[in-house]
Amino acid sequence: MNSVRARLGNLCDQITLHPSLVRAIRDAEAGTALDEVLTLVQGADTPDPGRLARLLEEIEQACAGMGVVLGVTKRFTPLPELSADADTAEPPTWICPAGRCARIVFDEETGAAGPPHCAALDTQMAALQVL
């Protein structure tokens, strides 16, 4: 499930950062697969990882056929150095609000935009206080 979570996190990251990618996925005739992925992620039950993997592969293959590559690994900025002052709170790290994907956004990446958005769930990502 970890590789599926990573791929799902990548898809969520990409469609959040580039909303036009949703149209590209639909243009690649993988809109039904995208809709099912989003429905599974939004559901109350834990999705079947095998089904998610097949749907993600269908999306990626359809897009690759049109020259759109989704399998790009995102490089994260390193965590800030830990403070020696125990009373100083570190900024939050943002994670998938449903715990369904491996997407992580560090506070330094958010800038003035505020909390990052999860396109799959259409909500703010969940704050995780590290230390």
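Below, the figures for the structure above:
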{"quantity": "Karplus-derived 3J(HN,Hα), 6.51/-1.76/1.60, for each residue of the stretch 114-128, Hz, glycine and proline x", "calculated": "x, x, x, 9, 9, 6, 5, 9, 6, 8, 5, 5, 7, 7, 10"}
{"quantity": "Distant-in-sequence amide H partners of Thr123 (H built 1.01 Å from N, under 5 Å)", "calculated": "Cys118"}
{"quantity": "Local net charge near Ala98, Cβ-Cβ under 13 Å (Lys/Arg +1, Asp/Glu -1)", "calculated": "+1"}
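None of the figures in this text is laboratory data; all of them are computed from the coordinates on show. The structure displayed is predicted, hence computed values, not measured ones. Note that each Cβ is placed from the backbone with ideal geometry, even for glycine, and that neighbours are counted across all protein chains shown.
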